[in-house]
Amino acid sequence: MTQIKLFAHLADILGPEIELELPIRADRSTILKLVAESYPLQADLIKLCNVAVNHEYIYDEPSDLTDAEIALIPPVSGG
């Protein structure tokens, strides 16, 4: 199982971390799809999140998730 840190409104709903089975390598869309499937009530918010692996945002290129720190960062606004 892989721990995924959550932030902002997503952390308010689900807590600061979730655990999920992830593949060894994955890109942003794969990670978001797997999380959204596990938490379907929050799927719309999850699909908008940025994904960070070891403190760097990832996009279309698969990243090595072995022993990685993974975080989902939903869009936020302030004022």
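The values are calculated or read from the model by the stated rules, or taken from the named source; none is laboratory data. This is a predicted model, so every value here is computed, not measured. Neighbour counts are summed over all protein chains in view; Cβ atoms, including those assigned to glycine, are modelled from backbone coordinates with ideal geometry.
For the reader, a short list of remarks on this structure follows.
- Only a single criterion out of (1) without any contact (Cβ under 8 Å) to a residue 40 or more places away in the chain; (2) closer than 15 Å to P75 by Cα is not satisfied by H9, namely (1).
- Applying the criterion of being at pLDDT 95 or above and either in contact with a His (Cβ under 9 Å, 6 or more places away or on another chain) or of a type in the set (F, W, Y) (or both) to the residues of segment 46-70, the residue that is farthest from L32 (Cα to Cα) is E69.
- Subset of segment 15-51 [closer than 20 Å to S63 by Cα and assigned to a loop (DSSP other than H, G, I, E, B)]: E21, L22, P23, I24, D27, K47, L48, C49
Residues are listed down the side, and each one gets a yes or a no for (1) closer than 17 Å to L10 by Cβ; (2) exposed (fewer than 12 other Cβ atoms within 10 Å of the Cβ); (3) of a type outside the set (D, E, K, R):
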site	(1), (2), (3)
L32	yes, no, yes
A43	yes, no, yes
V51	yes, no, yes
Y57	yes, yes, yes
P62	no, no, yes
E69	yes, no, no
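- Selection from segment 42-71 of residues that are in contact (Cβ under 8 Å) with a residue 40 or more places away in the chain and among the charged types (D, E, K, R): D64, E69
- Checklist (1) in contact (Cβ under 8 Å) with a residue 24 or more places away in the chain; (2) of a type outside the set (G, A, S); (3) in contact with a strand residue (DSSP E or B) (Cβ under 7 Å, 6 or more places away or on another chain) applied to P74, failing item: (3)
- From I13, I73, residue being surrounded by 15 or more Cβ atoms within 10 Å (Cβ to Cβ) and either out of contact with any His (no Cβ under 9 Å at 6 or more places or on another chain) or not small (G, A, S) (or both): I73
- Counted residues, segment 16-26 - those being surrounded by fewer than 16 Cβ atoms within 10 Å (Cβ to Cβ) and within 11 Å of the chain's Cα centre (by Cα): 3
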